[in-house]
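The values are calculated or read from the model by the stated rules, or taken from the named source; none is laboratory data. Keep in mind the model is a prediction, meaning the values are calculated, not measured. Using ideal geometry, Cβ is built from the backbone for each residue, glycine included, and neighbour counts are taken over all protein chains shown. Surface areas here come from the heavy atoms of the whole protein model, side chains and all, with no ligands, DNA or RNA. Shrake-Rupley method; radii C 1.70, N 1.55, O 1.52, S 1.80 Å.
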Amino acid sequence: MARNKIEVDENLDSEFNIAHMKRLIKYVGAYRREMIFTIFIMLVSSALGMLTPVIFKQIMDVYIPNRDIQGIINISILFLLINLFIVFGMRIKITLSSRVGQGIIHRIRSDIFTRLQDLPFSYYDDRPHGKIMVRVVNYVNSLSDLLSNGIINTITDLCALFFIIGFMLANDVRLTLICLIGLPLLILVVFIIKQKQRKAWQILSNKTSNLNAYIAESMNGIRVTQSFIREEENIRIFNDLSSNYRQAWMDAVKLTFLLWPAADNIATWTTAIIYVLGVNWISGGDALTAGTLILFTAYIGRFWAPINTLAGFYNSLVTAMSYMERIFETIDEPVTVTDAEGAIPMPLINGKVEFRNVVFSYDENLRILNGVDFTVNPGETFALVGPTGAGKTTIINLLSRFYNINSGAILIDDININAVTIKSLRKQMGVMLQDSFIFSGTVADNIRYGNLDADQEDIIRAAKTVCAHDFICAMENGYDTEVNERGTRLSAGQRQLISFARALLADPKILILDEATSSIDTETEFLLQEALLNLLKGRTSFIIAHRLSTIKNADCILYVDGGKVAEMGSHETLLSQKGLYYDLYMSQYEA
């Protein structure tokens, strides 16, 4: 899917086809035993239910004229037993169909979430996250009713329909044919509204996605909104999106609700015709009896009830189509950053890193790196500096294989990173990205995030190394203190220190720090520098920092500008050259 915005409707890359239904049936197939048993129970219940009009016909035509009280009592007991079985079967159907439906929903949601875990950064760069979330939650939930009840009801109602037609034909062929004349008209109505209905629900799914994306963005940015007093403008945007959703909903349900009135009207007219003709035939001395007419009027209701259910299932199916298209589109989204064919596990890393003429662009019109070359020896600390947007973060993202390079090569210990499995590569790297993301949970859980085998002592040791231990202990429950999503209870500096501890606990062979000290006060930074001296020994490290005091002791400093390494050398060497790095350093020194 192309780059998308909140207010822009998403376009499907492919139209719906029967393959989507086949895929959905595969999910259903995992529960075929429960489905078959439920369908069997419902078919037996349906067949027994067909006997009710026969019982009433027998009472009207035989037992009442003959004053057979015992016969009425016996057939009433049979009627009671039949209804008890039907109630029991309905309870089984509700229980099993709900279990099956929710099981299928769980499997679909698990598949789409699993795919989202594997998709590269570029997928998330190209669309609002709210539009991704709506597919995992809302769209999958929208299939729940279809899978829980729709499939079982449809199969049982189709079989019940054949039972009903069989019973009707056995009693009177003429009345049966009159009842069936309404079906072609209903099929014509379905054919006319089918395409319009599907299109309307596709539009509604777009409007739902837009609205959900804006709500998610607004919640994440609520502090900025209130700081800049932008509430009224945001409410206006929200109301516009909500109005678009409301209009799309009304357009969709107008088409959906056309089917039920059409079926009801056709049923009413055919019933009226049968009443008129039936009464006339009885009055004219025809062989038709009053009991047969009563039986037929009962069967007419039973004949159109499953048709109405089938019409409802059709509506649910058309609605579900628009959501299934989005769901399967996400599941089928290609994972562009993946293991190459024949990729091998990365051997234990020593730490040599080499960039050979690396070229990279996020899209065709935006080249970020244009021939980057450098070599880092094992255990060296390299710092990357330069203006905003020069490509510093891009370099470390490529080293971690978050994106694929356009050309050139990146090697670790003389092994092309494209030739090894991604997991084995990243497992030996510790990354602290510029966005210090904190997950909901305890402080200990966040530090342990990258190393689930770490015990409490390991967590405390990592926290002490990055000078986070004291402020953690000062919290109400220490390391067991619950923090909110994105760490809103923590200061920016505290979030960075916890993220730093998380990266260190992984005990990486290559350590990457992206603006690791940007939100840390000067006193804490001074303490952190002492810890880093011991930490960085024996590790190949990359440090990105705008605060040059952080990287003065680096073995080598790369000044990145215009997508290339413009200058490279130690702090003293670059200062003596009085080039770009000298100008940057002096500007900070003078400030």
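Need at least 3 residues that are at pLDDT 80 or above and closer than 25 Å to Ser400 by Cβ per element, so show me which helices (runs of 4 or more DSSP H) inside the stretch 468-586 make the cut, counting only ones lying wholly within it. First the steps, then the outcome.
Values: elements: 469-473, 492-505, 522-535, 571-577.
Where helices (runs of 4 or more DSSP H) fall fully within the stretch 468-586 and carry at least 3 residues being at pLDDT 80 or above and closer than 25 Å to Ser400 by Cβ, they are 492-505.
Among the candidates Gly103, Gly89, single out the residue that is closer than 18 Å to Met35 by Cβ and over 27 Å from the mean Cα position of the chain (by Cα).
Exactly one of Gly103, Gly89 is closer than 18 Å to Met35 by Cβ and over 27 Å from the mean Cα position of the chain (by Cα), namely Gly89.
Within the stretch 426-445, which residues are touching a Lys or Arg at 6+ places or on another chain (Cβ under 6 Å) and of a type outside the set (Gly, Ala, Ser)?
Gln428, Ile438
Test Ser110 against the criterion of being touching a residue at least 24 places away in the same chain (Cβ under 8 Å), among the hydroxyl-bearing types (Ser, Thr, Tyr) and assigned to a helix (DSSP H, G or I), and give yes or no.
Answer is no for this residue.
Report yes if Phe257 is of a type in the set (Phe, Trp, Tyr), open to solvent by 90 Å² or more (accessible area, probe 1.4 Å) and either touching a residue at least 40 places away in the same chain (Cβ under 8 Å) or within 30 Å of Ala320 (Cα to Cα) (or both), otherwise no. First the steps, then the outcome.
Details: of a type in the set (Phe, Trp, Tyr): yes; open to solvent by 90 Å² or more (accessible area, probe 1.4 Å): yes; either touching a residue at least 40 places away in the same chain (Cβ under 8 Å) or within 30 Å of Ala320 (Cα to Cα) (or both): yes.
Criteria met by Phe257.
At pLDDT 75 or above and touching a helix residue (DSSP H, G or I) at 6+ places or on another chain (Cβ under 8 Å): which single residue out of Asn239, Asn244 fits that description?
Asn244
Restricting attention to the stretch 173-189, which residues are touching a helix residue (DSSP H, G or I) at 6+ places or on another chain (Cβ under 7 Å), open to solvent by 20 Å² or more (accessible area, probe 1.4 Å) and either farther than 21 Å from Asn265 by Cα or in a helix (DSSP H, G or I) (or both)?
Hits for the stretch 173-189 are Ile178, Leu185, Val189.
Could you count how many residues in the stretch 107-122 are among the charged types (D, E, K, R) and either open to solvent by less than 40 Å² (accessible area, probe 1.4 Å) or closer than 22 Å to Tyr362 by Cβ (or both)?
Total meeting the criteria: 2.
Which count do you get for residues in the stretch 291-322 that are small (Gly, Ala, Ser) and either open to solvent by less than 30 Å² (accessible area, probe 1.4 Å) or under 30 Å from Gln202 (Cβ atoms) (or both)?
Qualifying residue count for the region: 6.
When the residues of the stretch 382-408 are filtered to those that are in contact (Cβ under 8 Å) with a residue 40 or more places away in the chain, open to solvent by 20 Å² or more (accessible area, probe 1.4 Å) and among the small types (Gly, Ala, Ser), which remaining residue is nearest to Leu366 (Cα to Cα)?
Ser407
Tell me which residues, restricted to the stretch 555-574, are hydrophobic (A, V, I, L, M, F, W, C) and either open to solvent by 60 Å² or more (accessible area, probe 1.4 Å) or touching a residue at least 24 places away in the same chain (Cβ under 8 Å) (or both).
Cys556, Ile557, Leu558, Val560, Val565, Ala566, Met568 - these are the residues of the stretch 555-574 that are hydrophobic (A, V, I, L, M, F, W, C) and either open to solvent by 60 Å² or more (accessible area, probe 1.4 Å) or touching a residue at least 24 places away in the same chain (Cβ under 8 Å) (or both).
Could you look through the stretch 11-55, keep only residues that are among the hydroxyl-bearing types (Ser, Thr, Tyr) and under 31 Å from the mean Cα position of the chain (by Cα), and pick out the one that is modelled with the lowest pLDDT?
Ser14
What's the number of the only condition in (1) at pLDDT 80 or above; (2) closer than 29 Å to Ser205 by Cβ that Asn149 fails to meet?
The number of the failed condition is (1).
List pairs: first residue in the stretch 320-336 and touching a residue at least 24 places away in the same chain (Cβ under 8 Å), second residue open to solvent by 20 Å² or more (accessible area, probe 1.4 Å) and part of a loop (DSSP other than H, G, I, E, B) anywhere in the structure, Cβ distance under 6 angstrom, at least six positions apart or on different chains.
That search, which allows pairs on different chains as well, returns Met321/Phe16; Tyr323/Ser142; Glu325/Leu12; Glu325/Phe16.
On the basis of being of a type outside the set (A, V, I, L, M, F, W, C), open to solvent by 20 Å² or more (accessible area, probe 1.4 Å) and either within 30 Å of Arg356 (Cβ to Cβ) or modelled with pLDDT of 90 or more (or both), does Gly430 make the cut?
Spelling it out, it is not the case that Gly430 is of a type outside the set (A, V, I, L, M, F, W, C), open to solvent by 20 Å² or more (accessible area, probe 1.4 Å) and either within 30 Å of Arg356 (Cβ to Cβ) or modelled with pLDDT of 90 or more (or both).
Out of the stretch 343-364, which residues are farther than 28 Å from Gly389 by Cα and either β-branched (Val, Ile, Thr) or free of Cβ contacts under 8 Å to residues at least 12 places away in the same chain (or both)?
Ile344, Ile349, listed by residue number.
In the list Leu211, Leu146, which residue meets the criterion of being touching a Leu at 6+ places or on another chain (Cβ under 7 Å), hydrophobic (A, V, I, L, M, F, W, C), open to solvent by 20 Å² or more (accessible area, probe 1.4 Å) and in a helix (DSSP H, G or I)?
Matching residue, one of Leu211, Leu146: Leu211.
Can you tell me which residues in the stretch 34-47 are touching a Phe, Trp or Tyr at 6+ places or on another chain (Cβ under 9 Å) and surrounded by fewer than 16 Cβ atoms within 10 Å (Cβ to Cβ)?
Val44, Ala47
Go through (1) outside any helix (DSSP H, G or I); (2) surrounded by fewer than 14 Cβ atoms within 10 Å (Cβ to Cβ); (3) not hydrophobic (A, V, I, L, M, F, W, C) one by one and return the number of the condition Arg127 breaks.
(2)
Could you please find all residues in the stretch 48-72 being open to solvent by 40 Å² or more (accessible area, probe 1.4 Å) and out of contact with any helix residue (DSSP H, G or I) (no Cβ under 6 Å at 6 or more places or on another chain)?
Hits for the stretch 48-72 are Leu51, Val54, Phe56, Gln58, Val62, Ile64, Pro65, Asn66, Arg67, Asp68, Ile69, Gln70.
Mind checking which pairs have a first residue in the stretch 575-591 that is open to solvent by less than 50 Å² (accessible area, probe 1.4 Å) and a second that is hydrophobic (A, V, I, L, M, F, W, C) and modelled with pLDDT of 85 or more, Cβ under 6 Å, 6 or more apart or different chains?
Correct list of pairs: Tyr581/Leu574.
Run down Arg246, Arg230 and say which single residue is more than 25 Å from the chain's Cα centre (by Cα) and free of Cβ contacts under 8 Å to residues at least 60 places away in the same chain. It would help to see each step written out before you state the result.
On the way: Arg246 fails: more than 25 Å from the chain's Cα centre (by Cα).
Only one candidate passes the filter, namely Arg230.
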